[in-house]
Amino acid sequence: MTVKELIEELQKHPQDKMVLVSAYEEGFDELEKVHEIKVAYKPKENYWQGNYEDYPLDECLISAILLPRP
């Protein structure tokens, strides 16, 4: 999802609606901050893994926005 797509989706909701993220094991937490990060695309090998990860080589990096758990 791109920033544009996220904004379009969020604009469908009231501006005072709470934004939550999944908690580490159970339940949900409020979104506290947003980070810009650099990642590399690495297709997941297992269903519990993400398709992107931190990567040390600059030429392989993708700029992305992270909505982290608190």
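The values are calculated or read from the model by the stated rules, or taken from the named source; none is laboratory data. In this text, all values refer to a predicted model and were calculated from it rather than measured experimentally. Note that we place each Cβ from the backbone using ideal geometry, even for glycine, and neighbour counts take in every protein chain shown. These area figures cover heavy atoms from the full protein model, side chains too; ligands, DNA and RNA do not enter into them. Shrake-Rupley method; radii C 1.70, N 1.55, O 1.52, S 1.80 Å.
Per the listing GLU30, GLU25, the residue uniquely free of Cβ contacts under 8 Å to residues at least 40 places away in the same chain and open to solvent by 70 Å² or more (accessible area, probe 1.4 Å) is GLU25. Which pairs turn up if I take residues in the stretch 37-56 that are within 19 Å of MET1 (Cβ to Cβ) and free of Cβ contacts under 8 Å to residues at least 12 places away in the same chain and look for partners that are open to solvent by less than 90 Å² (accessible area, probe 1.4 Å) and polar (S, T, N, Q) with beta carbon separation below 7 Å, at least 6 apart in sequence or on another chain? Qualifying pairs under 7 Å: PRO43/ASN51; LYS44/ASN51.
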